[in-house]
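> Just passing along the structure, written as structure tokens.
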Amino acid sequence: MFRIFDQYVSRKTVFVVAGDALSIVASIVLGHRIRFWNDPESFAFFTQQPDLTFRCLTILAVFQVCAYYNELYRSQDQLAASDQFFRLTQATGVGCFFLAAIYYAAPELSIGRSVFAMTLLSLLVLTTSLRWLADIAWRTALPKRNVIILGTDEVARRVAEEIRLREDLN
């Protein structure tokens, strides 16, 4: 457990947030790579643009905030794969609306329509795959710990129930 802004955050949540960030950036690069598959000069031009970092950070921030508000980073909830995919798709759709508004206000931040469409497709595939692999890895790699809770009061029962419900605390 980490303490961030006076709040405890599990290692799994930090791993998922970082994995989502990497998959978003990888999706942007992959979308450009697919778009300019037969044109390496255009892809090289894309990678050398001075505002590429700002464009990627804008897309990254919008999708991360949308994922957060769709409760994809709550470690208390052990979501089923279908519910997780639904929330991820919903967060991506809302992110598209926000990015459309940003691109309308600042068209120089746009990465292009065809590239954006390929980025969205690869984003859904990469993020879903990463979350699925992270869940499998988390269940298999971390050993179960035995915990003894001393006490019989309501607080002890609440602590035991919280540990039982949250796999990331085991």
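> Right, Arg113: closer than 18 Å to Arg35 by Cβ and among the charged types (D, E, K, R) or not?
Details: closer than 18 Å to Arg35 by Cβ: yes; among the charged types (D, E, K, R): yes.
Yes: the conditions hold for Arg113.
> Report every pair of residues separated by at least 6 positions or lying on different chains whose Cβ atoms are under 7 Å apart, first residue within region 26-51 and closer than 22 Å to Leu124 by Cβ and small (Gly, Ala, Ser), second part of a helix (DSSP H, G or I) and at pLDDT below 85.
Gly31/Val115
> Of the residues in region 1-25, how many are farther than 26 Å from Cys96 by Cα, without any contact (Cβ under 8 Å) to a residue 24 or more places away in the chain and in a helix (DSSP H, G or I)?
Qualifying residue count for the region: 0.
> Among the residues of region 56-79, is any among the β-branched types (Val, Ile, Thr), at pLDDT 85 or above and exposed (fewer than 13 other Cβ atoms within 10 Å of the Cβ)? Give the steps one after another, and end with the answer.
In the first step, residues of region 56-79 are kept if they are among the β-branched types (Val, Ile, Thr); the result is 58-59, 62, 65.
Okay, now just the ones that are also at pLDDT 85 or above, so 58-59, 62, 65.
Still in the list and also exposed (fewer than 13 other Cβ atoms within 10 Å of the Cβ): none.
Checked against the condition, which is being among the β-branched types (Val, Ile, Thr), at pLDDT 85 or above and exposed (fewer than 13 other Cβ atoms within 10 Å of the Cβ), region 56-79 yields no hits at all.
> Please state which one of Leu121, Leu88 is touching a Lys or Arg at 6+ places or on another chain (Cβ under 8 Å), aliphatic (A, V, I, L, M) and at pLDDT 80 or above. Full working, then the answer.
Working: Leu121 fails: touching a Lys or Arg at 6+ places or on another chain (Cβ under 8 Å).
Just a single option satisfies the conditions, and that option is Leu88.
> Tally time: how many residues in region 91-116 are within 21 Å of the chain's Cα centre (by Cα), within 18 Å of Cys66 (Cβ to Cβ), touching a residue at least 40 places away in the same chain (Cβ under 8 Å) and in a helix (DSSP H, G or I)?
Summing the residues that are within 21 Å of the chain's Cα centre (by Cα), within 18 Å of Cys66 (Cβ to Cβ), touching a residue at least 40 places away in the same chain (Cβ under 8 Å) and in a helix (DSSP H, G or I) in region 91-116 gives 3.
> Kindly indicate whether any position in region 3-14 is among the acidic types (Asp, Glu) and within 23 Å of Ala137 (Cα to Cα). So that I can check it myself, show each step before the final result.
Going through region 3-14, the residues among the acidic types (Asp, Glu) turn out to be 6.
After this cut, where a residue has to be within 23 Å of Ala137 (Cα to Cα) as well, the list is none.
No, every residue in region 3-14 fails to be among the acidic types (Asp, Glu) and within 23 Å of Ala137 (Cα to Cα).
The values are calculated or read from the model by the stated rules, or taken from the named source; none is laboratory data. What you are looking at is a predicted structure, and each value in this text was computed from that prediction instead of being measured. Neighbour counts are summed over all protein chains in view; Cβ atoms, including those assigned to glycine, are modelled from backbone coordinates with ideal geometry.
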